[in-house]
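First comes the structure, then the notes that go with it.
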Amino acid sequence: MAGDYSEYDYVEADTIDVSELEPLDPETRKIMKGEFSTGIKLTVFYYIFILSIPILNWYAEGFMFSRMWGGMTYSWFFTSIVAMAMAFIIAFIHTALYEKRLKVKKQEIHFPATSKERKIN
């Protein structure tokens, strides 16, 4: 099937032994460490929020099960609407921090900002 293509040399998928991989260069290691750190912090923040809802349901039962709009309780509001908004905000924060790191990196390398600065030789 995939071997029928003749436009390129087909290479079958195989397993990779992680111990045979070359170590990461310091720049890539720094980028991955920053991404991991950001992801862990945002994940912990989200989990604390999600796990606080059952705690609030237990200790603030009168408030959490009181009605809002159309019969929706505060518990359902926090679980559905606020949690979804937090997911979008967390994705925005992660993307913004990544773009900030990328911008700093581009300034270090000095990529041309506009097409006028680019020259084709």
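The values are calculated or read from the model by the stated rules, or taken from the named source; none is laboratory data. For clarity, every value in this text was computed on a predicted model and none was experimentally measured. Because the Cβ atoms are built from the backbone with ideal geometry, glycine has one as well, and the counts that use them run over all protein chains shown. These area figures cover heavy atoms from the full protein model, side chains too; ligands, DNA and RNA do not enter into them. Shrake-Rupley method; radii C 1.70, N 1.55, O 1.52, S 1.80 Å.
A few points about this structure:
- Looking only at the range 22-46, and only at residues there that are closer than 21 Å to A96 by Cβ and open to solvent by 100 Å² or more (accessible area, probe 1.4 Å), the one that is farthest from the chain's Cα centre (by Cα): K30
- Residue tally, condition touching a strand residue (DSSP E or B) at 6+ places or on another chain (Cβ under 7 Å) and assigned to a helix (DSSP H, G or I), over the range 39-72: 1
- Out of F49, F111, sole residue that is touching a helix residue (DSSP H, G or I) at 6+ places or on another chain (Cβ under 7 Å) and at pLDDT below 90: F49
- The set of residues in the range 63-81 that are loosely packed, with under 14 Cβ neighbours inside 10 Å and under 24 Å from the mean Cα position of the chain (by Cα) comprises S80, I81.
- Test: residue in the range 24-33 that is among the basic types (K, R), touching a Pro at 6+ places or on another chain (Cβ under 9 Å) and outside any loop (DSSP other than H, G, I, E, B): yes
- Flag if S19 is modelled with pLDDT under 85, open to solvent by 80 Å² or more (accessible area, probe 1.4 Å) and part of a helix (DSSP H, G or I): yes
- Cβ pairs under 9 Å, 6+ apart, first in the range 39-53 and free of Cβ contacts under 8 Å to residues at least 40 places away in the same chain and within 19 Å of W76 (Cα to Cα), second open to solvent by less than 70 Å² (accessible area, probe 1.4 Å) and not hydrophobic (A, V, I, L, M, F, W, C): I50/T79; I53/S75; I53/T79
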